[in-house]
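The values are calculated or read from the model by the stated rules, or taken from the named source; none is laboratory data. The structure displayed is predicted, hence computed values, not measured ones. All Cβ positions, even for glycine, are placed from backbone atoms using ideal geometry, and neighbour counts span all protein chains on display.
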């Protein structure tokens with residue numbers, strides 16, 4: 001974020017930044033520079049939010065150095081989109097012991113592999129022969 005104040009003298013031309021709402025403990029703003037960062041310890045992984053969240057709208061306010069009723073402010077919305085990445089590996093569930101008779105017909109399915117894919121929060125079934 002960047003804001004400036006047209007007053008030519010200090011402290012009236014000093015600007016500080018605040019997030020008014022929408023950060024949900026996920027974002028912080030440097031009061032002096034206006035740089036928005038991910039908050040320490042925050043997870044932006046949409047799979048760990050309920051409901052799944054990929055959009056945040058922060059209301060950012062810039063305040064000048066005026067005192068009391070002389071203080072002036074400007075506000076804007078900052079839209080942040082989270083790009084969900086494929087960051088979880090599938091988990092192969094152990095099928096246990098497989099017993100196949102020696103005279104089993106060629107091409108007959110003898111095992112079904114099951115993978116648990118956390119990203120999809122469900123089961124993906126891949127059939128093997």
* Asked: If residue 67 passes every condition in (1) under 30 Å from residue 8 (Cβ atoms); (2) within 36 Å of the chain's Cα centre (by Cα) but one, which one does it miss?
  -> (2)
* If you check residue 116 against the conditions, is it in contact with a strand residue (DSSP E or B) (Cβ under 7 Å, 6 or more places away or on another chain) and modelled with pLDDT under 80? -> yes
